[in-house]
Every structure is written in C-alpha cells, then in structure tokens.
Amino acid sequence: MSLCHNPIQKLSLAALLFFSSAALAHYPLMQCEYAEQKIECEAGYSDGSKAIDYQVSMFDYDDNLIAKVKTDIRSIATFEKSVDEFYIVFDSGHEYPVEVDSVEIQ
C-alpha cells in the first residue's frame with residue numbers, strides 16, 4: 001500500500017525528505033590559539049563531532065604552502081610559528097573550507 005496516492009503528494013513527500021536532510025547537515029569549524037611557540041588548531045563540526053586525521057594547511061599571504069599537518073586523536077593540528085603573517089585552512093571536503101587568519105589567533 002502506497003503512502004502517497006497522487007503525484008502532488010509524492011512530490012511534497014520528496015521535498016520534505018530533501019529539506020529535512022539538509023537541516024541535519026553540519027559544517028566544519030576550527031579554532032586556533034597560540035601555545036608558547038606553537039599554534040594549536042582544533043578542528044571539528046557544528047554537530048560537535050571531531051575531525052580526526054584530517055589535513056590542515058598553513059599558507060603565507062602569497063598563498064605559498066608553509067606547512068601541512070594532520071589532526072590528531074583530539075582533533076588538534078599543531079604548527080610551529082615560523083612567520084608572522086599567515087592563514088590556516090581546514091578543508092574537510094564539505095562545501096567550504098574553514099580559514100583562520102593569523103590576526104584572529106589569540
């Protein structure tokens with residue numbers, strides 16, 4: 001027995017399922033801070049899940065790759081502070097990567 005008897009009901013059900021799954025989507029987050037002469041960035045997702053074993057990259061302002069590391073079991077990527085002006089990118093493969101600029105790090 002079908003739940004939907006006419007095409008409009010079927011279309012409405014399909015739209016409801018599509019938009020409800022979009023509401024459950026989560027997006028990547030990253031927060032960085034200075035820890036002595038290192039920079040620690042915690043990567044994760046808006047639903048609270050961790051980003052373990054993901055690549056995080058550091059670039060200078062000319063878009064040259066300075067360093068590339070993977071997040072550890074705690075979802076933390078650690079960089080040596082080698083230049084004053086840089087930005088760090090966490091690209092989880094979801095729509096948009098997260099970028100943290102050096103001036104945003106405390």
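When restricted to residues that are over 12 Å from Y61 (Cα atoms) and acidic (D, E), the range 76-106 contains 5.
What is the residue count in the range 50-98 for residues that are among the β-branched types (V, I, T), under 14 Å from Y34 (Cα atoms) and assigned to a strand (DSSP E or B)?
Matching residues across the range 50-98 total 3.
Among the residues of the range 62-90, which ones are among the basic types (K, R) and closer than 19 Å to S49 by Cα? Passing the criteria: K70, R74. For the range 33-48, state whether one or more residues are of a type in the set (A, V, I, L, M, F, W, C), under 16 Å from the mean Cα position of the chain (by Cα) and within 17 Å of E104 (Cα to Cα). Yes. Cβ separations smaller than 6 Å between residues 6+ apart or across chains give the following pairs from the range 83-106 residues that are surrounded by 13 or more Cβ atoms within 10 Å (Cβ to Cβ) and of a type in the set (S, T, N, Q) to residues that are modelled with pLDDT under 95 and not in a loop (DSSP other than H, G, I, E, B): S92/P28.
Scanning the range 41-54 for residues that are under 14 Å from P97 (Cα atoms) and exposed (fewer than 15 other Cβ atoms within 10 Å of the Cβ) yields a count of 1.
The values are calculated or read from the model by the stated rules, or taken from the named source; none is laboratory data. All values derive from a computational prediction rather than experimental measurement. Positions of Cβ are backbone-derived with ideal geometry, glycine not excepted, and every protein chain shown enters the neighbour counts.
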